[in-house]
Amino acid sequence: VWVDPKDLGNRPYFERWAKMRSTKEEEAEYLLELYNRYVPKVLDFALDGVVDGEFVRARLKQVVPMSNLLLVQQLCSIFDANAPGGKEYDKEVIEGNFVFSVVWSIGGPVLGKERPVFDEFVKSISTCTMPASLLYENYYDMEGNVWQE
(Lines give C-alpha, C1' and ligand atoms only; values in the text may rest on other atoms or scores of the structure.)
Protein backbone atom coordinates (compact mmCIF):
# COMPACT_ATOMS: atom_id res chain seq x y z
CA VAL A 1 0.00 0.00 0.00
CA TRP A 2 1.40 3.38 -0.98
CA VAL A 3 0.70 6.41 1.20
CA ASP A 4 1.55 9.93 0.12
CA PRO A 5 4.18 11.38 2.48
CA LYS A 6 2.06 14.53 2.84
CA ASP A 7 -0.72 12.41 4.33
CA LEU A 8 1.59 10.32 6.50
CA GLY A 9 3.55 13.21 8.00
CA ASN A 10 6.92 13.00 9.72
CA ARG A 11 5.94 11.53 13.09
CA PRO A 12 6.10 7.85 11.98
CA TYR A 13 9.66 8.39 10.78
CA PHE A 14 10.62 9.99 14.09
CA GLU A 15 8.90 7.29 16.17
CA ARG A 16 10.73 4.53 14.32
CA TRP A 17 14.04 6.34 14.68
CA ALA A 18 13.55 6.90 18.44
CA LYS A 19 12.68 3.25 19.05
CA MET A 20 15.55 1.94 16.92
CA ARG A 21 18.25 4.11 18.50
CA SER A 22 17.25 3.76 22.14
CA THR A 23 18.41 0.87 24.30
CA LYS A 24 15.88 1.81 26.97
CA GLU A 25 12.19 2.42 26.47
CA GLU A 26 12.36 5.49 28.74
CA GLU A 27 14.75 7.25 26.36
CA ALA A 28 12.51 6.55 23.35
CA GLU A 29 9.51 7.89 25.28
CA TYR A 30 11.44 11.00 26.31
CA LEU A 31 12.52 11.62 22.71
CA LEU A 32 8.87 11.40 21.64
CA GLU A 33 7.97 13.85 24.42
CA LEU A 34 10.63 16.25 23.09
CA TYR A 35 9.32 15.74 19.57
CA ASN A 36 5.83 16.72 20.73
CA ARG A 37 7.15 19.75 22.61
CA TYR A 38 9.34 21.15 19.84
CA VAL A 39 9.01 19.72 16.35
CA PRO A 40 5.38 20.45 15.35
CA LYS A 41 5.58 23.97 16.80
CA VAL A 42 8.94 24.78 15.23
CA LEU A 43 7.93 23.36 11.85
CA ASP A 44 4.64 25.30 11.89
CA PHE A 45 6.50 28.48 12.79
CA ALA A 46 9.36 28.11 10.33
CA LEU A 47 7.45 26.72 7.35
CA ASP A 48 4.07 28.42 7.73
CA GLY A 49 4.45 31.34 10.18
CA VAL A 50 1.88 29.74 12.49
CA VAL A 51 1.93 29.66 16.30
CA ASP A 52 -0.73 27.68 18.18
CA GLY A 53 -2.85 27.41 15.04
CA GLU A 54 -2.83 31.14 14.29
CA PHE A 55 -0.94 32.89 11.54
CA VAL A 56 1.51 35.34 13.15
CA ARG A 57 4.03 36.15 10.39
CA ALA A 58 5.24 35.17 6.97
CA ARG A 59 7.10 31.88 6.80
CA LEU A 60 10.81 32.11 7.44
CA LYS A 61 12.84 32.36 4.26
CA GLN A 62 15.10 29.40 3.58
CA VAL A 63 18.22 29.17 1.45
CA VAL A 64 16.74 26.06 -0.16
CA PRO A 65 13.10 25.10 0.47
CA MET A 66 12.91 21.78 2.29
CA SER A 67 10.04 19.50 3.24
CA ASN A 68 9.18 18.87 6.86
CA LEU A 69 10.07 15.18 6.52
CA LEU A 70 13.56 16.01 5.25
CA LEU A 71 14.04 18.47 8.12
CA VAL A 72 13.05 15.80 10.66
CA GLN A 73 15.42 13.31 9.02
CA GLN A 74 18.21 15.86 9.41
CA LEU A 75 17.25 16.40 13.06
CA CYS A 76 17.62 12.67 13.72
CA SER A 77 20.96 12.52 11.88
CA ILE A 78 22.41 15.47 13.79
CA PHE A 79 21.19 14.08 17.10
CA ASP A 80 22.78 10.69 16.34
CA ALA A 81 26.06 12.32 15.31
CA ASN A 82 26.31 14.08 18.68
CA ALA A 83 24.83 11.34 20.88
CA PRO A 84 25.45 7.89 19.43
CA GLY A 85 22.87 5.26 20.32
CA GLY A 86 23.68 2.55 22.83
CA LYS A 87 24.82 4.97 25.55
CA GLU A 88 22.77 6.34 28.43
CA TYR A 89 22.28 10.11 28.74
CA ASP A 90 20.59 12.28 31.37
CA LYS A 91 17.34 13.94 30.34
CA GLU A 92 18.94 17.40 30.50
CA VAL A 93 21.69 16.28 28.12
CA ILE A 94 19.17 14.71 25.77
CA GLU A 95 17.08 17.90 25.68
CA GLY A 96 20.11 20.14 25.17
CA ASN A 97 21.29 18.00 22.26
CA PHE A 98 17.74 17.86 20.90
CA VAL A 99 17.45 21.66 20.88
CA PHE A 100 20.88 21.93 19.23
CA SER A 101 19.70 19.43 16.60
CA VAL A 102 16.46 21.38 16.04
CA VAL A 103 18.42 24.59 15.50
CA TRP A 104 20.75 23.05 12.91
CA SER A 105 18.17 20.89 11.14
CA ILE A 106 14.92 22.87 11.02
CA GLY A 107 16.67 26.20 11.54
CA GLY A 108 19.73 25.39 9.47
CA PRO A 109 18.31 26.41 6.08
CA VAL A 110 16.82 29.63 7.51
CA LEU A 111 18.40 32.75 5.98
CA GLY A 112 20.79 34.69 8.21
CA LYS A 113 18.55 37.72 8.70
CA GLU A 114 15.68 35.44 9.81
CA ARG A 115 17.77 33.46 12.29
CA PRO A 116 17.22 35.79 15.29
CA VAL A 117 13.46 35.32 14.83
CA PHE A 118 13.86 31.53 14.77
CA ASP A 119 16.22 31.70 17.76
CA GLU A 120 13.74 33.70 19.81
CA PHE A 121 10.92 31.29 19.03
CA VAL A 122 12.92 28.19 20.00
CA LYS A 123 13.99 29.83 23.26
CA SER A 124 10.37 30.75 24.02
CA ILE A 125 9.21 27.11 23.91
CA SER A 126 12.30 25.57 25.52
CA THR A 127 12.34 24.26 29.06
CA CYS A 128 16.11 23.96 29.38
CA THR A 129 18.76 26.58 30.07
CA MET A 130 19.65 28.60 26.98
CA PRO A 131 22.56 30.90 26.17
CA ALA A 132 21.96 34.64 26.05
CA SER A 133 23.49 34.90 22.58
CA LEU A 134 22.05 33.33 19.44
CA LEU A 135 21.81 29.55 19.50
CA TYR A 136 23.49 29.61 16.09
CA GLU A 137 26.60 31.09 17.71
CA ASN A 138 26.83 28.28 20.28
CA TYR A 139 27.16 24.55 20.43
CA TYR A 140 25.86 22.19 23.06
CA ASP A 141 28.62 20.53 25.11
CA MET A 142 27.19 17.18 26.19
CA GLU A 143 30.08 16.43 28.55
CA GLY A 144 29.49 19.58 30.63
CA ASN A 145 25.76 19.85 29.91
CA VAL A 146 26.21 23.51 28.91
CA TRP A 147 25.98 25.74 25.86
CA GLN A 148 29.42 26.99 24.74
CA GLU A 149 30.23 29.94 22.50
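The values are calculated or read from the model by the stated rules, or taken from the named source; none is laboratory data. Treat the numbers as computed from the prediction; the structure is a model and nothing was measured. Here Cβ is always computed from backbone atoms with ideal geometry, including for glycine, and neighbour counts include all displayed protein chains. Keep in mind that these areas ignore ligands, DNA and RNA; they rest on the heavy atoms of the full protein, side chains included. Shrake-Rupley method; radii C 1.70, N 1.55, O 1.52, S 1.80 Å.
Got a sec? Charge dipole of the stretch 1-109, +1 on Cβ for Lys and Arg, -1 for Asp and Glu; which of L60, P12, L34 is way out at the positive end?
L60
For M20 and K113, what does the FRET efficiency come to when R0 = 30 Å and r is the distance between their Cβ atoms, rounded to the nearest 0.05? Can you show the working numbers first?
Numbers: r = 38 Å, r/R0 = 1.25.
Using R0 = 30 Å, I get an efficiency of 0.20.
In nm, to one decimal, how far is the modelled label at D48 from the one at Y89, with both set 7 Å along Cα→Cβ?
Going by the 7 Å Cα→Cβ label model, 2.8 nm.
Dipole size in debye (nearest 20) for the chain around its Cα centre, Lys and Arg Cβ +1, Asp and Glu Cβ -1?
500
In the chain, with Lys and Arg counted as +1 and Asp and Glu as -1 at Cβ, which of these residues, C128, T23, G112, has the Cα nearest the positive end of the dipole, that is, farthest along it?
Of the options given, the answer is G112.
Which whole-Hz ³J(HN,Hα) couplings does the stretch 53-63 yield from phi under the Karplus relation 6.51 cos²θ - 1.76 cosθ + 1.60, θ = phi - 60°, glycine and proline marked x?
My calculation for the stretch 53-63 gives x, 10, 5, 10, 6, 5, 4, 6, 6, 10, 4 Hz in order.
Taking trypsin sites (Lys or Arg not before Pro) as candidate sites, keep only those in a DSSP loop with at most 16 other Cβ atoms within 10 Å, then name the longest stretch of the chain containing none of them.
The reported range is 88-149.
Can you compute the helix-only [θ] at 222 nm over the chain? Use -39500 (n - 2.57) per DSSP H run of at least 4 residues, normalise by all residues, nearest 500 deg cm²/dmol.
The helix-only estimate for the chain comes to -16000 deg cm²/dmol at 222 nm.
Using a 1.4 angstrom probe with every protein chain in place, what is the largest-first accessible-area order of L32, L71? All intermediate terms of the calculation are to be shown ahead of the outcome.
Working: L32 30, L71 0 Å².
Ranking L32, L71 by accessible area, largest first, yields L32, L71.
Just to verify a number: FRET efficiency for T127 and L70, C-beta to C-beta distance, R0 = 25 Å, to 0.05? Provide the component values of the computation, followed by the final result.
Details: r = 26 Å, r/R0 = 1.06.
Step by step, r from the Cβ atoms, then E = 0.40.
All other residues with a Cβ under 15 Å from the Cβ of G112 taken together, and with Lys, Arg as +1 and Asp, Glu as -1, what is their net charge?
Working: positive: K61, K113, R115; negative: E114, D119, E120, E137.
Around G112, the charge tally is -1.
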